[in-house]
Amino acid sequence: MKMMLEELMQKLKTNMDEKRFLHSLGVMKTAAELAACYNADVKKAEIAGLLHDCARDMDIEHQLKMVEYFGILLDDIQKREKVLIHGPLGAVTAERDYGIADEEILNAIKIHTTGDADMSMLDKIILLSDFIEPGRCYPGVEDLRVKAFIDLDDAIIGAFDSTIRYVLSKGSLLHPKTISGRNFILMQRESEGRA
Ligand SMILES: [Fe+2]
Ligand SMILES: [Fe+2]
C-alpha cells in the first residue's frame, strides 16, 4: 500500500487533535525547506515530518498495548518517561498504518524525541523541524530558526541544549541518547576543526 501525501494527511488528521495536526503540517513544511537547503530528499522529509507524531495522541494505555503487541523494547527511561514512547511506536505505526517502508523515514520518526549518536541528515532535519516549525513559540526559537538554515549541526546542538535544560528544569529523567547525540556532534566538529 503506497499512499500519496494527501492521503497520508487525511488519515493522520483522524488520528490526532487539531493542534497536533497543525503542528505536523508545520514540521512537514519546515522539513521540506531544510531538505531543499541541504540537498536532502524533500519528499522523504515531507513524509517523515508529517508523520513524526502519528502515535503521539493515542492514549497511553493503547500505546503500551501496541508496544507489547509489536514487541518494541522500551529502555528504563522510556518506561518511566512515557512521552518518549511515541517515537519508536510512531515508526512502527507509520510502517503498518501508513504504508511507509523507507528505513530512513522510519528511523527519523523513531528517534525524533531523543536524538541519537551519528544521526543521518534526515534524522537531523526532522528533529530540528519539530523544534522550529512555525507554530513553536519559546525564548530562543527565532535564533534557532535562523541558525537552522546556516549551520544544521549548530542548530541541532541548540535544540539538544534546549531539551536538556527543559528536562532538568522539570526534574525529569534525561535520556542517554540525547547526551550521546549532543556529544557526537561536538566531537565530530572538534575532529573536523569546526568546534
Ligand atoms: Fe514527537
Ligand atoms: Fe512533534
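Per-structure values
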| item | result |
| --- | --- |
| Helices (runs of 4 or more DSSP H) enclosed by the stretch 69-182 - at least 2 residues per element that are buried (at least 19 other Cβ atoms within 10 Å of the Cβ) and in contact with a helix residue (DSSP H, G or I) (Cβ under 9 Å, 6 or more places away or on another chain) | 86-98, 103-110, 121-132, 141-148, 152-170 |
| Single residue of the stretch 1-37 satisfying the filter (of a type in the set (Gly, Ala, Ser) and away from ligand 1 (no atom under 16 Å from the Cβ)) that is surrounded by the most Cβ atoms within 10 Å (Cβ to Cβ) | Ala35 |
| Residue tally, condition within 15 Å of ligand 2 (Cβ to nearest atom), over 19 Å from Val167 (Cβ atoms) and not β-branched (Val, Ile, Thr), over the stretch 64-99 | 4 |
| Filter result for the condition that a residue is in contact (Cβ under 8 Å) with a residue 12 or more places away in the chain and buried (at least 21 other Cβ atoms within 10 Å of the Cβ), over Ala40, Ala48 | Ala48 |
| Top-ranked residue in the stretch 53-68 [being in a helix (DSSP H, G or I) and acidic (Asp, Glu); ranked as farthest from Lys13 (Cα to Cα)] | Glu68 |
| Helices (runs of 4 or more DSSP H) wholly inside the stretch 1-52 that include at least 1 residues being within 16 Å of ligand 2 (Cβ to nearest atom) and over 15 Å from the mean Cα position of the chain (by Cα) | 5-13, 18-37 |
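Each value in this text was obtained by applying a stated rule to the coordinates, not by laboratory testing. These figures come from a predicted structure and were not determined experimentally. Cβ atoms come from the backbone with ideal geometry, glycine included; neighbour counts cover every protein chain shown.
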